[in-house]
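This report concerns only the one structure given below.
The values are calculated or read from the model by the stated rules, or taken from the named source; none is laboratory data. Worth saying up front: this structure is predicted, and the values here are computed from it rather than measured. Note: ideal-geometry Cβ built from the backbone for every residue, glycine included; neighbour counts use all protein chains shown.
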Amino acid sequence: MTAMGTRRGSAAAVIAAGGTGRRMGGVRKQYLELGGEPVLLRAVRPFVDPPGFGWVIVVLPTEELADPPPFLPPGVILVAGGAERGDSVRRGLEAVPDAAEVVVIHDAARPLLARLVLDRVLDAVGEGLGAVAAVPVADTLKRVAPDGRIVATVERTGLWRAQTPQAFPRSMIVDAYVRAAEEGWVATDDAALVERYGGVVRVVPGDPRNLKLTHPEDVELAERLLADPSRAR
(Lines give C-alpha, C1' and ligand atoms only; values in the text may rest on other atoms or scores of the structure.)
Protein backbone atom coordinates (compact mmCIF):
# COMPACT_ATOMS: atom_id res chain seq x y z
CA MET A 1 0.00 0.00 0.00
CA THR A 2 1.26 3.47 -0.84
CA ALA A 3 1.88 6.15 1.78
CA MET A 4 -1.21 7.99 0.56
CA GLY A 5 -3.18 4.76 0.75
CA THR A 6 -2.09 4.35 4.35
CA ARG A 7 -3.18 7.91 5.10
CA ARG A 8 -6.59 7.29 3.58
CA GLY A 9 -7.04 4.11 5.58
CA SER A 10 -6.67 6.01 8.86
CA ALA A 11 -8.95 8.87 7.79
CA ALA A 12 -12.69 9.35 8.11
CA ALA A 13 -14.80 11.32 5.65
CA VAL A 14 -17.94 13.18 6.69
CA ILE A 15 -20.12 14.02 3.68
CA ALA A 16 -22.78 16.61 4.53
CA ALA A 17 -25.87 15.76 2.47
CA GLY A 18 -28.66 16.94 4.75
CA GLY A 19 -29.67 20.02 2.78
CA THR A 20 -33.31 20.81 2.02
CA GLY A 21 -32.68 22.63 -1.26
CA ARG A 22 -34.15 25.97 -0.15
CA ARG A 23 -32.18 27.89 -2.78
CA MET A 24 -32.92 25.25 -5.39
CA GLY A 25 -36.66 25.80 -5.17
CA GLY A 26 -37.12 22.91 -2.74
CA VAL A 27 -35.26 20.39 -4.93
CA ARG A 28 -32.68 18.40 -2.98
CA LYS A 29 -29.60 18.94 -5.09
CA GLN A 30 -27.82 15.86 -3.75
CA TYR A 31 -30.29 13.70 -5.69
CA LEU A 32 -30.18 15.59 -8.96
CA GLU A 33 -28.55 13.76 -11.84
CA LEU A 34 -25.32 15.10 -13.24
CA GLY A 35 -23.91 13.39 -16.29
CA GLY A 36 -26.32 10.51 -15.70
CA GLU A 37 -25.34 9.95 -12.05
CA PRO A 38 -26.72 11.33 -8.76
CA VAL A 39 -24.82 14.31 -7.39
CA LEU A 40 -24.43 12.55 -4.02
CA LEU A 41 -22.82 9.49 -5.60
CA ARG A 42 -20.31 11.69 -7.41
CA ALA A 43 -19.50 13.47 -4.13
CA VAL A 44 -18.97 10.20 -2.23
CA ARG A 45 -16.98 8.33 -4.88
CA PRO A 46 -13.56 10.00 -4.30
CA PHE A 47 -13.65 8.72 -0.71
CA VAL A 48 -14.57 5.11 -1.47
CA ASP A 49 -12.61 4.39 -4.65
CA PRO A 50 -9.43 2.38 -3.83
CA PRO A 51 -7.53 3.13 -1.77
CA GLY A 52 -10.62 4.24 0.11
CA PHE A 53 -11.00 5.99 3.44
CA GLY A 54 -11.24 3.90 6.58
CA TRP A 55 -14.69 5.33 7.32
CA VAL A 56 -17.12 7.20 5.08
CA ILE A 57 -20.02 8.84 6.90
CA VAL A 58 -22.89 10.32 4.89
CA VAL A 59 -25.21 12.66 6.76
CA LEU A 60 -28.74 12.51 5.31
CA PRO A 61 -32.02 14.22 6.19
CA THR A 62 -33.53 12.37 9.15
CA GLU A 63 -36.63 11.28 7.24
CA GLU A 64 -34.52 9.50 4.62
CA LEU A 65 -32.62 7.16 6.92
CA ALA A 66 -35.39 4.55 6.83
CA ASP A 67 -35.16 4.34 3.05
CA PRO A 68 -31.68 5.57 2.03
CA PRO A 69 -30.65 6.01 -1.59
CA PRO A 70 -29.92 2.58 -3.11
CA PHE A 71 -26.99 3.91 -5.12
CA LEU A 72 -24.79 4.56 -2.09
CA PRO A 73 -21.74 2.24 -1.97
CA PRO A 74 -21.74 -0.60 0.56
CA GLY A 75 -20.04 0.09 3.86
CA VAL A 76 -21.03 3.75 4.00
CA ILE A 77 -22.20 4.82 7.48
CA LEU A 78 -25.48 6.77 7.46
CA VAL A 79 -26.26 9.43 10.06
CA ALA A 80 -29.30 11.67 10.57
CA GLY A 81 -28.63 15.34 9.91
CA GLY A 82 -29.73 18.43 11.76
CA ALA A 83 -31.52 21.69 10.99
CA GLU A 84 -28.43 23.45 9.65
CA ARG A 85 -25.21 22.33 7.99
CA GLY A 86 -23.24 22.78 11.19
CA ASP A 87 -25.68 20.55 13.08
CA SER A 88 -25.32 17.87 10.41
CA VAL A 89 -21.52 17.98 10.47
CA ARG A 90 -21.50 17.77 14.26
CA ARG A 91 -23.68 14.64 14.14
CA GLY A 92 -21.40 13.17 11.51
CA LEU A 93 -18.38 13.84 13.73
CA GLU A 94 -20.09 12.01 16.58
CA ALA A 95 -20.03 8.89 14.40
CA VAL A 96 -16.29 9.14 13.71
CA PRO A 97 -14.44 6.48 15.73
CA ASP A 98 -11.52 7.37 17.99
CA ALA A 99 -9.27 5.26 15.75
CA ALA A 100 -9.53 7.84 12.95
CA GLU A 101 -6.50 10.12 12.87
CA VAL A 102 -7.86 12.63 10.37
CA VAL A 103 -11.36 13.81 9.47
CA VAL A 104 -12.11 15.19 6.02
CA ILE A 105 -15.36 17.14 5.70
CA HIS A 106 -16.92 17.58 2.27
CA ASP A 107 -20.18 19.02 0.98
CA ALA A 108 -22.34 16.67 -1.07
CA ALA A 109 -23.20 19.71 -3.19
CA ARG A 110 -19.64 19.66 -4.61
CA PRO A 111 -19.80 16.68 -6.98
CA LEU A 112 -16.76 17.53 -9.14
CA LEU A 113 -14.01 16.99 -6.58
CA ALA A 114 -10.77 15.95 -8.29
CA ARG A 115 -8.69 13.28 -6.62
CA LEU A 116 -5.64 15.55 -6.91
CA VAL A 117 -7.33 18.20 -4.72
CA LEU A 118 -8.29 15.61 -2.11
CA ASP A 119 -4.71 14.30 -2.03
CA ARG A 120 -3.34 17.83 -1.58
CA VAL A 121 -5.56 18.34 1.45
CA LEU A 122 -4.53 15.00 2.96
CA ASP A 123 -0.84 15.75 2.34
CA ALA A 124 -1.10 19.10 4.13
CA VAL A 125 -3.00 18.13 7.28
CA GLY A 126 -0.77 17.29 10.23
CA GLU A 127 -0.27 17.44 13.98
CA GLY A 128 -2.15 20.53 15.13
CA LEU A 129 -2.66 21.66 11.54
CA GLY A 130 -5.79 21.69 9.40
CA ALA A 131 -5.95 22.09 5.63
CA VAL A 132 -8.53 23.62 3.31
CA ALA A 133 -8.87 23.55 -0.47
CA ALA A 134 -9.30 27.07 -1.82
CA VAL A 135 -8.81 29.20 -4.92
CA PRO A 136 -7.48 32.78 -5.09
CA VAL A 137 -10.03 35.54 -5.53
CA ALA A 138 -9.81 36.84 -9.10
CA ASP A 139 -12.63 39.41 -9.16
CA THR A 140 -12.54 42.95 -7.83
CA LEU A 141 -14.37 43.00 -4.49
CA LYS A 142 -16.67 45.81 -3.38
CA ARG A 143 -18.03 46.48 0.09
CA VAL A 144 -21.62 47.63 -0.38
CA ALA A 145 -24.04 49.45 1.92
CA PRO A 146 -27.62 48.18 2.43
CA ASP A 147 -28.88 50.76 -0.08
CA GLY A 148 -26.55 49.46 -2.80
CA ARG A 149 -23.88 52.18 -2.59
CA ILE A 150 -20.27 51.03 -2.86
CA VAL A 151 -18.47 52.11 0.29
CA ALA A 152 -15.05 50.52 -0.34
CA THR A 153 -13.01 48.48 -2.78
CA VAL A 154 -11.47 45.55 -0.94
CA GLU A 155 -7.85 44.69 -1.66
CA ARG A 156 -7.96 41.13 -2.99
CA THR A 157 -4.30 40.28 -2.43
CA GLY A 158 -4.16 37.31 -0.06
CA LEU A 159 -7.89 36.56 -0.36
CA TRP A 160 -8.97 33.02 -1.22
CA ARG A 161 -12.38 31.39 -1.73
CA ALA A 162 -12.64 28.42 0.60
CA GLN A 163 -14.02 25.15 -0.73
CA THR A 164 -14.36 21.67 0.65
CA PRO A 165 -12.77 19.24 1.34
CA GLN A 166 -11.44 20.56 4.62
CA ALA A 167 -9.29 18.22 6.72
CA PHE A 168 -8.28 18.27 10.37
CA PRO A 169 -6.81 16.02 13.03
CA ARG A 170 -9.83 14.32 14.59
CA SER A 171 -9.34 15.78 18.06
CA MET A 172 -8.95 19.32 16.66
CA ILE A 173 -12.22 19.43 14.72
CA VAL A 174 -14.24 17.48 17.32
CA ASP A 175 -13.09 19.86 20.07
CA ALA A 176 -13.96 22.91 17.94
CA TYR A 177 -17.49 21.64 17.27
CA VAL A 178 -18.08 20.74 20.92
CA ARG A 179 -16.99 24.19 22.08
CA ALA A 180 -19.01 25.95 19.39
CA ALA A 181 -22.15 24.00 20.39
CA GLU A 182 -21.63 25.00 24.03
CA GLU A 183 -21.34 28.67 23.03
CA GLY A 184 -24.07 28.58 20.39
CA TRP A 185 -21.60 29.91 17.84
CA VAL A 186 -22.22 29.28 14.13
CA ALA A 187 -19.59 29.58 11.40
CA THR A 188 -19.74 29.66 7.62
CA ASP A 189 -17.33 26.75 7.32
CA ASP A 190 -15.51 24.19 9.43
CA ALA A 191 -12.13 25.93 9.32
CA ALA A 192 -13.69 29.06 10.85
CA LEU A 193 -14.55 27.07 13.99
CA VAL A 194 -11.01 25.73 14.28
CA GLU A 195 -9.60 29.24 13.77
CA ARG A 196 -11.90 30.64 16.47
CA TYR A 197 -10.41 28.31 19.05
CA GLY A 198 -6.80 28.98 18.15
CA GLY A 199 -6.21 26.22 15.61
CA VAL A 200 -3.92 26.70 12.63
CA VAL A 201 -5.30 25.98 9.17
CA ARG A 202 -3.41 26.26 5.91
CA VAL A 203 -4.73 26.64 2.37
CA VAL A 204 -3.86 24.30 -0.48
CA PRO A 205 -4.75 24.90 -4.14
CA GLY A 206 -8.29 23.86 -4.92
CA ASP A 207 -9.95 23.75 -8.32
CA PRO A 208 -12.37 26.23 -9.97
CA ARG A 209 -14.31 23.20 -11.25
CA ASN A 210 -14.98 22.11 -7.65
CA LEU A 211 -18.04 24.34 -7.60
CA LYS A 212 -20.86 24.15 -5.09
CA LEU A 213 -24.33 23.56 -6.51
CA THR A 214 -26.43 26.27 -4.91
CA HIS A 215 -28.67 27.64 -7.65
CA PRO A 216 -30.21 25.96 -10.74
CA GLU A 217 -27.69 27.65 -13.03
CA ASP A 218 -24.86 25.95 -11.11
CA VAL A 219 -26.17 22.57 -12.26
CA GLU A 220 -26.11 23.76 -15.86
CA LEU A 221 -22.50 24.91 -15.42
CA ALA A 222 -21.51 21.59 -13.84
CA GLU A 223 -22.99 19.73 -16.80
CA ARG A 224 -20.92 21.87 -19.16
CA LEU A 225 -17.79 21.27 -17.12
CA LEU A 226 -18.33 17.52 -17.28
CA ALA A 227 -18.66 17.75 -21.04
CA ASP A 228 -15.68 20.11 -21.44
CA PRO A 229 -13.43 20.54 -18.36
CA SER A 230 -11.44 23.27 -20.13
CA ARG A 231 -14.39 25.65 -19.67
CA ALA A 232 -13.38 26.27 -16.04
CA ARG A 233 -11.61 29.56 -15.46
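Of all residues in the range 178-197, those that are more than 20 Å from the chain's Cα centre (by Cα) and of a type in the set (Gly, Ala, Ser) total 1.
A search for C-beta distances below 8 Å between a residue of the range 128-145 that is more than 18 Å from Asn210 (Cα to Cα) and modelled with pLDDT of 95 or more and any residue that is among the aromatic types (Phe, Trp, Tyr) and surrounded by 11 or more Cβ atoms within 10 Å (Cβ to Cβ), counting only pairs 6+ apart in sequence or on different chains, returns Gly130/Phe168.
Mind checking which residues of the range 40-69 are farther than 24 Å from Leu116 by Cα and either in a loop (DSSP other than H, G, I, E, B) or touching a Pro at 6+ places or on another chain (Cβ under 7 Å) (or both)? Listed by number, the residues that qualify are Leu60, Pro61, Leu65, Ala66, Asp67, Pro68, Pro69. Among residues of the range 132-177 being surrounded by 14 or more Cβ atoms within 10 Å (Cβ to Cβ) and part of a helix (DSSP H, G or I), the one that is nearest to the chain's Cα centre (by Cα) is Ile173. For Leu72, the conditions (1) in contact with an Asp or Glu (Cβ under 9 Å, 6 or more places away or on another chain); (2) part of a loop (DSSP other than H, G, I, E, B); (3) of a type in the set (A, V, I, L, M, F, W, C); (4) surrounded by 14 or more Cβ atoms within 10 Å (Cβ to Cβ) are fulfilled apart from (1).
Show the residue pairs meeting these rules: Cβ distance below 7 Å; 6+ apart or different chains; first residue within the range 115-126 and more than 13 Å from Val103 (Cα to Cα); second residue at pLDDT 95 or above and polar (S, T, N, Q). Filtered contacts from the range 115-126: Val117/Asn210. Based on this model, can you work out whether Arg85 counts as surrounded by fewer than 24 Cβ atoms within 10 Å (Cβ to Cβ), more than 21 Å from Arg179 (Cα to Cα) and of a type outside the set (Phe, Trp, Tyr)? Considered against the rule, which asks whether it is surrounded by fewer than 24 Cβ atoms within 10 Å (Cβ to Cβ), more than 21 Å from Arg179 (Cα to Cα) and of a type outside the set (Phe, Trp, Tyr), Arg85 comes out as no.
In the condition set (1) modelled with pLDDT under 95; (2) part of a loop (DSSP other than H, G, I, E, B); (3) not basic (Lys, Arg), Ala181 is compliant with all but (2).
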